[in-house]
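Worksheet: one structure, shown below.
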Amino acid sequence: MNDFLEVKSISMHFGGLAAVENVSFHVNRGEIVSLIGPNGAGKTTVFNMLTGVYKITAGEMYFEGHDLREMIPQNIVKIGISRTFQNVRLFSKMRVIENVLVGTHIHTKYSFFESLFRVGRFKKEEAKLEAKAIGILNSIGMGDIVDSFANSLPYGEQRKVEIARAIATDAKLILLDEPAAGMNPAESAELLRFIRELCDKGYTILMIEHDMNVVMNVSDRIYVLDHGRLIADGRPEEIANNPKVIEAYLGEQKHVED
Amino acid sequence: MNRILKTTESLCYKYRYILLAAFIGLIVAVPFLPISRVIMRLLIMIALYSMLGMGLNVLTGYVGLVSLGHAGFYGIGAYVCALLQVRLGVDFWIALLVSGLFTALIGFLSGLPSLRLSGSYLSIVTLGFCEIVQMILKQWESVTNGNYGIRNIPKPVFFGMELNLQNGGFLVVALVLALLTGLGCLALKKSNTGRAFLAIRDDELAAGMMGIKTSRYKILAFVISAFITGLAGGFYSELNGYIEPTNFVFNISILILSVVIVGGLGTVRGMIFGAVVLQLFPEVFRFLNEWRFVVYGLLLVLMMRFRPQGVLGWQSTQPYHISKRTKELLKETVTTKGGIGG
Amino acid sequence: MNAFIDAIINGLVLGMAYALIAVGYSLVFGILRLINFAHGSIYAFGAYMVYFFVSLNIRLFPSIVIAVIISGLLALLIDKVTLEPLRKKNSQLISNLITTVGVSFIIQNILSVEYVFGSEKKVFPSLNLFKNVQIGNITIQSSQIILLVVAVILLVVMSLIVYKTKIGLAMRATEQNTKAAKLMGVNVNFIISFTFFLGGASAAIAGSLIGGYYQVISPTMGSLIALKAFAAAVVGGIGTLYGSVVGGLVIGVSECLAAQYLGSNIRDPMAFVILILILVIKPNGLFGKEQIAKV
């Protein structure tokens, strides 16, 4: 059994609808794994299952030995999995730095009363967290918008702030939900570089993405989902030539002769 | 306009300690200043309602849970403080503290239903809470004296001297309470608790996904909010020397809400402004008399329509202020390594 | 035993009236996901309109008809003037909430101003239009029968409108998916206005019925009843018509039983107690649907 992320035969049923059926996959430490498939295939549902938003109908999920099935989202973050969202979910009326600081919440080492009266560990710890947040933002090129309010940022920058926030949780495994959505080729090339750098730094990435350029160029392995089921997995080259994958994306091939 | 705001804000921040010292100096000077009784009362009410606004603000401004029942907490605080003094002869200062704590406990209990509810549902439950408190105050005659209320509430005594309207003692207490509450709220906002509150307001689900135990924080907000409001209630019971259930009806909840909405949801400065407006208003527009309440309702509607953030509720034009320590830490990391993370 | 049956009958009758008001909540909530706090004040407004017209020596029935129409229009106006601009701005829930609270405050307090009607209770024409009915030991007042019958008829009419007419279909479509309804040619703004009108009209009728039942009205009658009707809507499951009926009956009967056996001062808070119980045990109400969070 894989000691990082191991997912066995998970299913998610909403009433009669099987959104995810019998899906198994694993992620090794230090990898970049992509989850792809046509719209509605159940990819984000899988993320929601992993992060405790949904209670899975069947199957098992383990992260570094922890059983994820019964865990609440907050504890899943504590053990090292954090995520971004398909539709960016920043705290719109808070500043960029405050958004990232929220990411540090679970590792904050002062108590409520210490913060209220500004005593004890508060000043030291708060400074540490602020420096950490600014450090993260600097390293992704967002150093000059630290003070900006999230609702004033263009979409691309919001995405990056969301990733910074996920990093701030000291996560070992980061789930990126369509990080390249809405980006132009220059931006997605930048994202490519950024994800590789994350990997070099020791983060493990599980990514949902539609941009094949990003997926093929950065993934170590790819899983393909369609109608809630796994239809293929393997390295990028294998997936690119897999007829089942092509069919899933383009629909049935019609004979041209007719 | 933006320029003016920016300059005002930056000046206020730069000279914040001086402003604080000046305010404290003012408080100390009060007993020696020739303030008429009418003005004294007005100032006390402004301070009181600033405090009430700040209390509601923690729940409604920071976390986004709209309470229509804060008059209930106000009443509980007032009655507990009054009863402890009148029935058990407890010293005012202790009674005040106990009333705050007791109200906080009630806040804890009334926060529990909030966990399952959101938005309008929660607000209606708070309304129901206010009505239930009214009923208890009127019904539990053996304790609360029912509709007759509680009379002859003794004035606070400070080192042997009675504090009242004439010697400025009341005003000093009111200002001190308001100041402490304001400082507390500002401290709260710039801490991980405050950030958790704001995060829950902006996107509760995402907040949970970032590790914030939203239930815990929502209850905490209720507790803090109730504590502050209870303290205000305790002080209020001293003001006239007597209280009765009609002092804490639903209309009062709306008055407190108006302070918050008009002044600026989520800001401490807004609470003070709101209190000033809503206390001056009935004085200035005395002829309006009964129509006062119609105007409060109108204010709410107009504010939501044209300036939902409140008069002083603009988004800050100042950069995020980091401490000296943070700056030093940053200098260190820059000299060590680059790359992602700190 | 008699007292018990009396309480039950009272409860059923009141419950139907609550159901009528609760339905107004459900309709608006269904379409806009908004609890209209002003609903209760329109209920009071409607009753006062009837009082006003009757005091001008207009007969009861026409007074009610006019009052109902005016109230429906008022509800519509409230939406158009205060809520629609907020929708256009994509405002947060808080704004809508506070706006409707403000509106209810305005209406209620205008009614209580001396110049307009004053804050003391006013005598309302009785619904006791014919003699009491005797069944064994039990006396049923004609007002109770009339209230029950009218409420039932109205609820049936509203159900017919919502489930059997074209406009009702449009309402349900808008409720399920506003964008799609628009694309299918539904004039969503008209439907929203119509829903408010319907809600306001039914609130006014309920106001007339309860006013006639107790023969007294006061400006604050709206806020208390609004809470109880809201409790009814939630108990049944907000958004469902039949849920409102069941909820109304539950609240009505409990309230009357509580008044009978626990004292009349427990009557009013009883609704809140039940509300809180339901919200803690089954927040979606007896017939409500589970909502699944979309991430």
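Kirkwood radius and radius of gyration were both taken over the C-alpha atoms of segment B:156-290, and their ratio Rg/Rh is 1.03. Reported to the nearest whole Å, the Cα centre-to-centre distance from segment A:78-139 to segment C:168-237 is 45. Taking only the Cα atoms of segment C:2-223, the ratio Rg/Rh comes out at 1.01, with Rh defined as the Kirkwood radius. Of the DSSP H helices in chain C, those that are both long (alpha-carbon extent of 30 Å or more along the helix axis) and hydrophobic (Kyte-Doolittle mean at least -0.5) are C:2-32, C:142-164, C:188-214, C:241-262. The helix-only estimate of mean residue ellipticity at 222 nm for chain C, built from DSSP H runs of length n ≥ 4 each weighted as -39500 (n - 2.57), is -24500 deg cm²/dmol after division by the residue total. Using a Gaussian network model of chain A whose springs link C-alpha atoms within less than 10 Å, name the residue from A:Gly120, A:Gly37, A:Gly65 with the highest mean-square fluctuation. Checking each option, the largest mean-square fluctuation is seen for A:Gly120.
Compute a Gaussian network model of chain A, connecting alpha carbons closer than 10 Å, and tell me which residue from A:Ile81, A:Ile56, A:Ile145 fluctuates the most. Highest fluctuation of the listed residues: A:Ile145. Note on B:Thr317 and B:Arg3: the model spin-label points, each 7 Å out from Cα along the C-beta direction, lie 1.0 nm apart. With a simple spin-label model that places each label point 7 Å from the Cα along the Cα-to-Cβ direction, the separation between B:Ile94 and B:Arg151 comes to 2.7 nm. With the simple spin-label model, which puts each label point 7 Å out from Cα in the Cβ direction, the C:Asn90 to A:Asn213 separation comes to 2.8 nm.
How large is the helix-only mean residue ellipticity at 222 nm for chain A, computed as the sum of -39500 (n - 2.57) over DSSP H runs with n ≥ 4, divided by its residue count, in deg cm²/dmol to the nearest 500?
After summing the helix terms and dividing by residue count, I get -11000 deg cm²/dmol.
Backbone amide hydrogens, once placed in the peptide plane, bring A:Ala232 within less than 5 Å of A:Val224, excluding anything fewer than 5 places away on its chain.
Loop-located trypsin sites (Lys or Arg not before Pro) in segment A:156-258 (DSSP state other than H, G, I, E, B) with a sparse environment of at most 13 neighbouring Cβ atoms within 10 Å: A:Lys201, A:Lys254.
Are there any helices in chain A, counted as whole DSSP H runs, that stretch 18 Å or more along their axis by Cα and score at least -0.5 on average by Kyte-Doolittle, and if so which?
Qualifying helices: A:122-139, A:155-168, A:185-200.
For segment B:69-115, the alpha-carbon radius of gyration amounts to 1.21 times the rule-of-thumb value 2.2 N^0.38 Å expected for a compact globular protein. Proximity of backbone amide H atoms, modeled 1.01 Å from N, is registered between B:Phe158 and B:Leu163 at under 5 Å, excluding neighbours fewer than 5 places apart on the same chain. Positive contributions from Lys and Arg (+1) and negative ones from Asp and Glu (-1), summed over other residues with Cβ under 14 Å from the Cβ of C:Ala271, come out at -1. Cross-link partners of C:Lys122 among aspartates and glutamates, defined as those whose alpha carbon lies under 20 angstrom from its own and excluding same-chain residues fewer than eight positions apart: B:Glu290, C:Glu114.
Inter-chain neighbour count for C:226-239: the average number of beta-carbon atoms from partner chains within 10 Å of each residue's beta-carbon is 2. In whole Å, what is the distance between the alpha-carbon centres of segment A:218-245 and segment C:61-91? Here the answer is 56 Å between Cα centres. Mean partner shielding of peptide B:193-206, defined as the number of other chain Cβ atoms within 10 Å of each residue Cβ, is 6. Taking amide hydrogens as placed 1.01 Å from N in the peptide plane, the amide H of A:Met207 sits under 5 Å from those of A:Val33, A:Ser34, A:Leu35, A:Leu176, each at least 5 positions away in sequence or on another chain. Between segment B:69-121 and segment A:1-32, the alpha-carbon centres lie 49 Å apart.
Counting only whole DSSP H helices of chain B, the ones at least 27 Å long by C-alpha along their axis and with mean Kyte-Doolittle hydropathy no lower than -1.0 are B:37-57, B:92-111, B:119-139, B:169-189, B:214-240. The helix-only estimate of mean residue ellipticity at 222 nm for chain B, built from DSSP H runs of length n ≥ 4 each weighted as -39500 (n - 2.57), is -23000 deg cm²/dmol after division by the residue total.
For the residues of C:271-278, the average number of beta carbons from a partner chain within 10 Å of their own beta carbon is 3.
For segment C:47-119, which trypsin sites (Lys or Arg not before Pro) are in a loop by DSSP, counting at most 15 other Cβ atoms within 10 Å? Could you put the intermediate results ahead of the total?
Values: sites: C:Arg59, C:Lys80, C:Arg87, C:Lys88, C:Lys89; in loops: C:Arg59, C:Lys89.
Hits after loop and neighbour filter: C:Arg59, C:Lys89.
Where a number appears in this text, it was derived from the coordinates with a stated rule and is not lab data. As the structure is a prediction and not an experimental result, all values here were calculated from the model. Neighbour counts run over all protein chains shown; Cβ positions are idealised from the backbone, glycine included.
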